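Step one of this worksheet: look at the structure below.
No lab work stands behind these numbers, since they all come straight from the coordinates. Since this is a predicted model, take the numbers as computed values, not measurements. Please note: Cβ atoms are built from the backbone with ideal geometry, for glycine as well, and neighbour counts cover all protein chains shown.
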Amino acid sequence: MILVAVGTYIHGFDELVTAADSAAAASSLPGFAQIGHSRAVPRHLAWERFLPPAELAHRLAAARLVICHGGIGLLGEAMRAGKPIIVVPRRGRPTRESPAGDQTALVQRLAEHYPLMVCGQARDLPGVVQKALKSGLSAQTYDLHSNVPQLVTAFLAMGSHPTSTTGSNRLTATLSPERSARS
């Protein structure tokens, strides 16, 4: 099964929804799409506009392939699930009407370090899916060693008084990242 997800951007991602639906039809793969605010509605994929986090996690666990936009939240979830991922980044300059911006630089940078399949144009997605299927869809290992999520959780758990009688040295030692964002 494929999982297609476009995130929560207010203008949706019609091109990705349409291309993923075509790819699913061409490959005869069953699948599910989270289409958000997109106007396009799949004909070959089951779909919902939005999924609660637990449902998204369940669908990620069941997916053989994830096709998504280049948002870091969704990419991170798919990477933590260890799934093969095809990324179709949003493109274009941010405007007042469309402030999402271009995800190409982020996706290219991630693809330098992780085994992501990048599809630069949504219209090319059916071919990229066929290529992925021919190469096999094995589970992926993404080296995401970072304690930043745990640091944020620990900081928030400290409440409004993050320092104690032992001073800020304890706080600094407790909240030190194991790897930098540039790793």
Assign unit charges at the C-beta atoms only (+1 for Lys and Arg, -1 for Asp and Glu), then state the dipole size of the range 2-135 relative to its Cα centre in Debye, rounded to the nearest 20.
-> 140 debye
Can you list the residues, at least 5 places off or on another chain, whose amide H is less than 5 Å from the amide H of ARG90, using H built in the peptide plane?
-> GLY70, GLN103
Along the range 17-34, Karplus-curve 3J(HN,Hα) (6.51, -1.76, 1.60; θ = phi - 60°) to the nearest Hz, with x for Gly and Pro, reads 4, 5, 5, 5, 5, 5, 5, 5, 5, 5, 9, 6, 8, x, x, 9, 10, 9
Gyration tensor (Cα) of the range 2-135, equivalent ellipsoid semi-axes in angstrom | 19, 17, 15
